[in-house]
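What follows draws every value from the coordinates through simple rules; no lab data is involved. Only a predicted model underlies this, so the values are computations on that prediction, with no experimental measurement involved. Neighbour counts run over all protein chains shown; Cβ positions are idealised from the backbone, glycine included.
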There are 2 protein chains.
Amino acid sequence: MEQSADLLDRAFAALADATRRGLVARLAVSDATVSELAEPYDVSLQAISKHVKVLEEAGLVTRSRDAQRRPVHLKAEALDLMSTWIDRYRIEVEERHRRLDDLLARTAGPEDQPPCRKKDQT
Amino acid sequence: MEQSADLLDRAFAALADATRRGLVARLAVSDATVSELAEPYDVSLQAISKHVKVLEEAGLVTRSRDAQRRPVHLKAEALDLMSTWIDRYRIEVEERHRRLDDLLARTAGPEDQPPCRKKDQT
DNA sequence: CACTTCCTCAACCAATCGGTTGAATACGAC
DNA sequence: GTCGTATTCAACCGATTGGTTGAGGAAGTG
């Protein structure tokens, strides 16, 4: 297995699939076994098992053992890592946007202003 | 809600690549052309152009036209969508974790605690 | 007009992905 | 031990991905 891939790579890739996002949503409510997770989906149990493995390798879930069962548990840490990454740049660009709007509003005040293209807001 | 599923797919997939995350980080500072974006990377210009296209189809960036240049602009909206999705379940699982800790702290006080099987409470 | 710059399209290739089916493992019950 | 349940492993397949090279479009300059 290629272990060198970044954790963010795998975390984002893991959530790029609607089925896996569904599993995460389900696991946010409570831990569940693979069989329980597979129940709402019209795919094989092996497919869900693969999905859980992807989530596990992305650090999004952990699995313990309880007899034959392998209850899956959602971890907040990887979600936290992703959220932090996104918010860093989201805030940065929103901040930049706000400053640009300020500048435009300031310059457009007293003077006669040619049609000034502000943000392309629909 | 379901309309955004496809967009979430593409947004998460877009950020699953370290190069594209690098482009987003660069674009958070300021808009840039494809050539400028490609400069730090040791791949062809076409490869970066493809990456930008992926970001665009994920709704993460827009492109305008300025003579020959196609300046790329980072949009906060898609980042916001992803952040919102993640935080919903991140908070949910953290909340659940906190409640479990509370329960354990409360119950573990006076009594000696046998391994307590907590089944799915659905 | 030709020339240059910036960028995209098209074809191709190897690797990965999401799904399948079939076999194998791990555990508890009988 | 055998049986049943839960889960994973292995092999395969079609589609997608990230990269390449080569050609070409779009716009400003001499």
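Per-residue mean of other chain beta-carbon atoms within 10 angstrom of the beta-carbon, peptide A:88-98?
Taking all residues of A:88-98 together, the mean is 6.
So if R0 is 25 Å, what FRET efficiency would B:GLU57 and B:THR84 give, r being the distance between their Cβ atoms, rounded to the nearest 0.05?
0.80
Tell me, rounded to the nearest percent, the portion of alpha carbon pairs in segment B:3-77 spaced more than 17 Å apart.
38 percent
Test of understanding: what is the full-extension gain from A:SER44 to A:GLU95, defined as 0.36 nm times their sequence separation minus their Cα-Cα distance?
Gain on extension, A:SER44 to A:GLU95, equals 13.7 nm.
Would you work out the relative contact order for segment A:7-75, in percent, from Cα pairs under 8 angstrom that are 6 or more residues apart?
This gives 38 percent for segment A:7-75.
What does the structure give for A:66-74 when I average, per residue, the other chain Cβ atoms found within 10 Å of the residue Cβ?
1
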